[in-house]
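Written out below as structure tokens is the structure these notes cover.
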Amino acid sequence: MTMDNPQQPAGAGPAEGGATWVRVARSGQVPEGYVRRFFADGVEVAVARFQGSVYATSNYCTHLDCLLSSGKLIDDGIQCSCHGSVFDLQSGEPIYPPATVPIETFPARESDAEIFVAITAADREHGGRRRSFRASDTRAPRRAP
Ligand code: FES
């Protein structure tokens with residue numbers, strides 16, 4: 001007797017590059033034209049649906065780390081809500097400034113009304129891109145006089 005792997009899209013082979021498929025959401029959680037935040041085995045991803053296809057990227061803008069899941073989709077890119085950078089959904093390349101560095105992208109697919117994202121062991125190890133830690137954030141908390 002064989003058991004279906006619930007973390008594997010139906011009919012899909014293994015993901016490329018040593019990655020494994022991780023179920024992150026039901027299809028209805030990402031309506032057309034929307035982007036939402038999910039976690040794939042602890043890796044924070046922004047999942048978007050554009051013209052019926054799903055895309056997964058890092059959730060952090062490479063300009064100043066704003067959350068891309070707070071942004072919106074324009075044309076075929078994801079626009080950061082902070083300063084307007086737009087990144088190509090497929091390649092992660094910046095389309096409009098001020099960002100100049102691409103965002104990370106992940107393979108994504110849909111099967112049986114569920115969305116899957118391919119995550120590598122390296123992705124799991126570092127947990128995906130996170131908000132930067134800034135030296136200026138190390139100030140001691142204010143104390144009451
Ligand atoms: S933080 Fe995204 S454009 Fe500035």
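Neighbours of V54, meaning other residues whose beta-carbon lies under 9 angstrom from its beta-carbon, give a summed charge of +1 when Lys and Arg score +1 and Asp and Glu score -1.
Counting only Cα atoms, region 18-126 measures 36, 31, 19 Å along its principal axes, largest extent leading.
Hey, can you rank 111-119, 21-29 by average C-beta count inside 10 Å, highest first? Present the calculation step by step, with values, prior to reporting the outcome.
Values: 111-119: 19.8, 21-29: 17.4.
Ranking, from highest mean packing down: 111-119, 21-29.
Every number here is computed from the coordinates shown, using simple stated rules; none is lab data. Computed from a predicted model, the values in this text were never measured in an experiment. Counting neighbours? That spans all protein chains shown, and the Cβs are built from the backbone with ideal geometry, glycine included.
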